[in-house]
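Asker: Have a look at the structure that comes next, please.
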Amino acid sequence: MPDIIQLLPDHVANQIAAGEVVQRPASVVKELLENSIDAGATNIKVIIKEAGKNLIQVIDNGKGMTDTDARLSFERHATSKIRKAEDLFDLHTKGFRGEALASIAAISQVELKTKKEDSELGTHIRIEGSEVISQEKVSASNGTSIAVKNLFFNIPARRNFLKSNTIETRHIVNEFQRVALAHPGIAFSMYHNDSDVYNLLESNLRQRIVTVFGKKTNEKLVPINENTDVVEISGFVAKPEFAKKKRGEQFFFVNDRFIKNSYLNHAVTSAFESLLPQGSYPSYFLYLTVPPKSIDINIHPTKTEVKFEDEKTIYAILRSTIKHSLGQYNVAPILDFERQSSFDTPYEFKRKPVDTPQIQVDPDFNPFKTEKSTTLKSASTSSSSHSHYTPKFNTESWEGLYAGLETQKISIEQPTAPDTLFNEEQSGETHGSKTYQIHNKYIVSSIKSGIVYINQHLAHQRVLYEEFLQNITVKDAMSQQLLFPLDISFNKSDIVLIKDILDDLISVGFDFGDFTEDRVNIIGIPVNTSESQIVIILEQLLEDIKNDVPDSSYSQHDVMAKSLAKSLAIKTGTHLDLKEQQKLVDELFSCKEPDTSPFGKKTFITVTLNDIDKQFNR
């Protein structure tokens, strides 16, 4: 029987490894940025074309590489970061596996130019699918420039799995933001399709956060700072009134490396307990510094998950630190055990007896007398302190106040028992309708076979979803012009995203004025939409597109229609009059798929007469 196990060729092994390291263009951006930081760069430029599918180029002013190092950097498990296994638990650099460049070169066309400061000439290497095409001496600037072209050119199946340019660009921006926030002392710039997205100068942490997320972020931030033997914590949390409906601006960094950790996220959320409304999430930018030997960052290929040696202690310190800062800056109520002297009784009054207040009445008082004054007599047995009070009353023509009363009859209506089970305003029987609203949540209507219960929120989602989808793909919706245009603040990446979906937003009824780096001018909104809803609608829409929600959506148009329908649908608890109830029922059953909401939930259920009869015949 012949042997069936064989060694894979190097280029196949590299392509398999690339599946772990390079999931999408954003993965390449992350790896190249980390290499530039490890090289000691103080200025890093990122150039992207077509969401990274055609070009990803990273240029830095780091220490560069020699000819030999430049060639070896594309070999698997070739790295300058570690020498022995113990080094894995004492890491001070970003990359250390030695797989990044080898994996990237296996699935793309790569051009590398690098030069050390003490060298006269640099090195230029071209690689396609792990195969070195050329290597030569060239004139180059100090540092390294690496261009990754035509990602997944030799694996078309992987390329077909990439999302739309908008979504892939968003993932790239996310990775760029994470690296830039972790290193405020480094200048970063980013260009997408020759458009300037970010130009971040060297700054401190607060300035970097404000530059990335917009000027209005500055007023939201509450400083966090704590030093212990276990962990050092710094950064900022946002004030509770600026909480968001989505987990957008939540950043954890451990030793200047972005991580995701649900356990520590719970510590932050619990620190905001009772300060946030239901369904809201706090924003935070938290930087943890721990001894490298106390964490393991080699448990996940993307290195975004780490394992702490003493996670429970870090949880407790983080939670208490945030609570303390919220109280210290008067964001949350605190218990103050320091007695304030202003509340103490003055010394000279401590032993002084309290006099009982004297009550004075006039037993002879009559408002209908014509006397100009009445002398009050003290009701107290102590006659030492008599006072005189002279009330003045205008008693002239007082009889006019009671004129006509003898001709009027006072009638009191007795409450009558309701004739029907439902209130008249809810019942439609008298008006020829057969709908009722229950607890401002469900609409009940009778049908031939029994009764139908309609969830008004989910039903309206279905109606709006089909309406918006038709407006986006077939026809443009009507827009109501605003008398006073709205200026809404967004961060730069959101502005780019809004511009990408501008045509779709116009098709559903939005009308825009001028755009700036961090503001959008809105001059028209969809019909039947209030101005107060616009910020919520746009934030929800951008968040859904960023996260590609729902995962099963077929296109960006579908995501947008679902997001708008979810934001604008009638909420549970809204009272509907008879016409509104009937209109919603008619519109629902005019839809192509009335049975379910856009997110797959039932919009109505039916109860047959047989089901009802069974309940009475038990």
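The values are calculated or read from the model by the stated rules, or taken from the named source; none is laboratory data. Everything numeric here is computed off the predicted structure, so don't read it as measured data. FYI the Cβ positions are ideal-geometry reconstructions off the backbone, even for glycines, and counts take in every protein chain you see. The area values use the complete protein model at the heavy-atom level, side chains included, leaving out ligands, DNA and RNA. Shrake-Rupley method; radii C 1.70, N 1.55, O 1.52, S 1.80 Å.
Asker: Apply 1/(1 + (r/R0)^6) to the Cβ-Cβ distance of Ile523 and Ser320, taking R0 = 45 Å, and write down the FRET efficiency to the nearest 0.05.
Answerer: Calculated transfer efficiency: 0.40.
Asker: Looking at this model, which pairs from Lys220/Lys323; Lys441/Lys602; Lys220/Lys260; Lys562/Lys601 are more than 19 angstrom apart at the alpha-carbon?
Answerer: Where the Cα-Cα span goes over 19 Å, the pairs concerned are Lys220/Lys260.
Asker: What is the set of long-range amide H partners of Lys246 at a cut-off below 5 Å, with H atoms built 1.01 Å from backbone N?
Answerer: It is Tyr281, by chain and number.
Asker: Still on this structure: How compact is the range 247-316 by the rule of thumb for globular proteins, expressed as Cα Rg over 2.2 N^0.38 Å?
Answerer: Ratio of Cα Rg to 2.2 N^0.38 Å: 1.16.
Asker: How big is the gap, in Å, between the Cα center of the range 597-617 and the Cα center of the range 192-263?
Answerer: Computed from Cα coordinates, the inter-centre distance equals 49 Å.
Asker: Here's another thing I want to ask about it. Hey, what D do you get for the range 480-618 in µm²/s if you plug the Kirkwood alpha-carbon radius into Stokes-Einstein at 20 °C and 1.002 mPa s?
Answerer: For the chosen part, D equals 121 µm²/s.
Asker: Could you go through the range 512-524 in sequence order and give the Karplus-derived ³J(HN,Hα) for each residue, using 6.51 cos²θ - 1.76 cosθ + 1.60 with θ = phi - 60°, rounded to whole Hz, and x for Gly and Pro?
Answerer: 10, x, 7, 10, 10, 5, 9, 9, 10, 9, 10, 10, x
Asker: Step by step: find N for the range 173-240, compute 2.2 N^0.38 Å, then divide the Cα radius of gyration by it. What's the final number?
Answerer: In units of the 2.2 N^0.38 Å rule of thumb, it is 1.26.
Asker: While we're here: For Lys312 and Asn225, what does the FRET efficiency come to when R0 = 30 Å and r is the distance between their Cβ atoms, rounded to the nearest 0.05?
Answerer: The value I calculate is 0.90.
Asker: Okay, next question. Can you compute the label reach from Glu202? Point 7 Å from Cα along the Cβ direction, backbone N cut-off under 14 Å, restricted to the range 32-74.
Answerer: Answer for this model: 40-44, 61-62.
Asker: What does the accessible area per residue of the range 94-245 come to in Å², with a 1.4 Å probe and no ligands, DNA or RNA counted?
Answerer: Per residue, the range 94-245 has an accessible area of 45 Å².
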